[in-house]
């Protein structure tokens with residue numbers, strides 16, 4: 001019989017599982033508490049009998065990521081982890097320090113097949129969904145190793161969160177439950193490139209998280225050249241889903257906009273973006289493009305970004321320019337993983 005991933009279970013599910021093993025339900029509360037403390041084996045659960053620990057070893061397993069690489073920025077203290085998984089794959093996790101608290105940027109897939117031109121996460125044939133436990137482990141073990149208490153979560157690392165919808169929803173319930181890490185939904189941001197049906201599903205869950213849309217262009221012509229997903233869900237359809245999301249949840253939406261020189265950063269693009277988002281309660285986050293090795297795309301100049309911001313602000317929008325963190329440690333999505341996987345392939349030749 002295949003072993004079950006017990007860390008992917010919610011508290012009530014762990015209790016039900018313990019009852020199925022012939023144990024009292026309160027044992028589930030004990031086990032869940034240990035799991036959220038980041039134990040790596042059942043032997044560490046000292047308030048369980050040895051016979052029960054042995055039974056759990058036979059029927060269940062506890063995920064345990066390995067720190068393959070760790071890089072710490074000398075500029076701002078940002079910490080980037082490359083965690084190795086049980087199947088030999090690896091994922092990136094970034095811990096960022098802000099005045100309002102420490103944030104962790106999580107991956108939801110090992111690799112990504114969305115193919116955005118400005119992102120290093122794209123992989124052919126090397127993508128799989130992470131389990132709820134593997135996503136949760138990034139919070140637990142980044143916090144454990146760094147010694148920094150995590151107060152905010154962004155699902156903005158490698159992978160498309162809504163492409164791994166069921167596991168991501170289970171993770172959100174796990175990380176926010178009072179018996180666990182108890183990180184409230186209002187402290188969680190989920191970024192998507194625009195999977196419209198999943199946005200609509202998410203709007204029905206009454207999660208008070210922040211939905212971030214990776215928009216990066218004001219029209220279909222530009223967006224389709226840099227984001228293949230736009231060929232399936234064009235800009236107009238995506239924005240309609242966003243307006244409906246706000247109507248259903250009352251939560252302001254954040255639009256991410258990578259500033260790419262000569263591609264999407266003209267004054268005309270700024271005015272077009274303002275027209276597209278008119279009347280929608282939102283925040284626009286301009287992102288100076290991080291250079292990806294081998295990509296012909298370059299970041300916009302500071303002056304161009306400033307002008308773009310001013311045009312939007314004059315139209316009444318709340319616009320910020322994202323602070324660049326971890327530039328000296330491959331902090332952009334997918335860069336560290338790409339290097340590690342390439343090295344691994346070369347070793348196997």
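The values are calculated or read from the model by the stated rules, or taken from the named source; none is laboratory data. What you are looking at is a predicted structure, and each value in this text was computed from that prediction instead of being measured. Using ideal geometry, Cβ is built from the backbone for each residue, glycine included, and neighbour counts are taken over all protein chains shown.
Listed residues 31, 14, 39; which is part of a loop (DSSP other than H, G, I, E, B), touching a residue at least 12 places away in the same chain (Cβ under 8 Å) and surrounded by 16 or more Cβ atoms within 10 Å (Cβ to Cβ)? Lay out the reasoning, then the answer.
Working: 31 fails: part of a loop (DSSP other than H, G, I, E, B); 14 fails: part of a loop (DSSP other than H, G, I, E, B).
It is 39.
Taking residue 241 as the residue in question, decide whether it is surrounded by 15 or more Cβ atoms within 10 Å (Cβ to Cβ) and at pLDDT 95 or above.
When the stated conditions are applied, residue 241 passes them.
Among the listed residues 226, 253, 213, 260, identify the single one that is surrounded by fewer than 20 Cβ atoms within 10 Å (Cβ to Cβ) and either touching a residue at least 24 places away in the same chain (Cβ under 8 Å) or touching a strand residue (DSSP E or B) at 6+ places or on another chain (Cβ under 7 Å) (or both).
Of 226, 253, 213, 260, the one residue that is surrounded by fewer than 20 Cβ atoms within 10 Å (Cβ to Cβ) and either touching a residue at least 24 places away in the same chain (Cβ under 8 Å) or touching a strand residue (DSSP E or B) at 6+ places or on another chain (Cβ under 7 Å) (or both) is 226.
Quick one: which of 61, 83 is on the phi < 0 side of the Ramachandran plot and out of contact with any strand residue (DSSP E or B) (no Cβ under 6 Å at 6 or more places or on another chain)?
Details: 83 fails: out of contact with any strand residue (DSSP E or B) (no Cβ under 6 Å at 6 or more places or on another chain).
The unique qualifying residue is 61.
Which numbered condition trips up residue 79, out of (1) surrounded by fewer than 20 Cβ atoms within 10 Å (Cβ to Cβ); (2) in contact with a helix residue (DSSP H, G or I) (Cβ under 8 Å, 6 or more places away or on another chain)?
In the conditions (1) surrounded by fewer than 20 Cβ atoms within 10 Å (Cβ to Cβ); (2) in contact with a helix residue (DSSP H, G or I) (Cβ under 8 Å, 6 or more places away or on another chain), residue 79 misses (1) alone.
Among the residues of segment 169-178, which ones are over 15 Å from residue 38 (Cβ atoms) and surrounded by 14 or more Cβ atoms within 10 Å (Cβ to Cβ)?
169, 170, 171, 172, 173, 176, 177, listed by residue number.
Could you say whether any residue in segment 276-288 is over 24 Å from residue 157 (Cβ atoms) and either in a helix (DSSP H, G or I) or not assigned by TED's automatic domain parsing to the domain that holds residue 185 (or both)?
Yes, there is a match, as at least one residue in segment 276-288 is over 24 Å from residue 157 (Cβ atoms) and either in a helix (DSSP H, G or I) or not assigned by TED's automatic domain parsing to the domain that holds residue 185 (or both).
Hey, could you check segment 229-238 for residues that are touching a residue at least 40 places away in the same chain (Cβ under 8 Å) and farther than 22 Å from residue 206 by Cβ and say which is surrounded by the fewest Cβ atoms within 10 Å (Cβ to Cβ)?
237
Given segment 138-233, what helices (runs of 4 or more DSSP H) lie entirely inside it while holding 2 or more residues that are in the same structural domain as residue 114 (by TED's automatic domain parsing) and under 28 Å from residue 296 (Cβ atoms)?
Fully inside segment 138-233 and qualifying: 220-226.
For residue 54, work out the one condition from (1) touching a helix residue (DSSP H, G or I) at 6+ places or on another chain (Cβ under 9 Å); (2) part of a loop (DSSP other than H, G, I, E, B); (3) surrounded by fewer than 18 Cβ atoms within 10 Å (Cβ to Cβ) it doesn't fulfil.
(2)
Suppose we keep only residues that are at pLDDT below 95 and part of a strand (DSSP E or B) within segment 97-108. Which one would you say is surrounded by the most Cβ atoms within 10 Å (Cβ to Cβ)?
So, considering only residues that are at pLDDT below 95 and part of a strand (DSSP E or B), the one surrounded by the most Cβ atoms within 10 Å (Cβ to Cβ) is 97.
Each row is one residue, and each column tells you yes or no for (1) surrounded by fewer than 13 Cβ atoms within 10 Å (Cβ to Cβ); (2) at pLDDT below 55.
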| site | (1), (2) |
| --- | --- |
| 297 | no, no |
| 304 | no, no |
| 316 | yes, no |
| 321 | no, no |
| 324 | no, no |
| 334 | no, yes |
| 345 | yes, yes |
| 349 | yes, no |
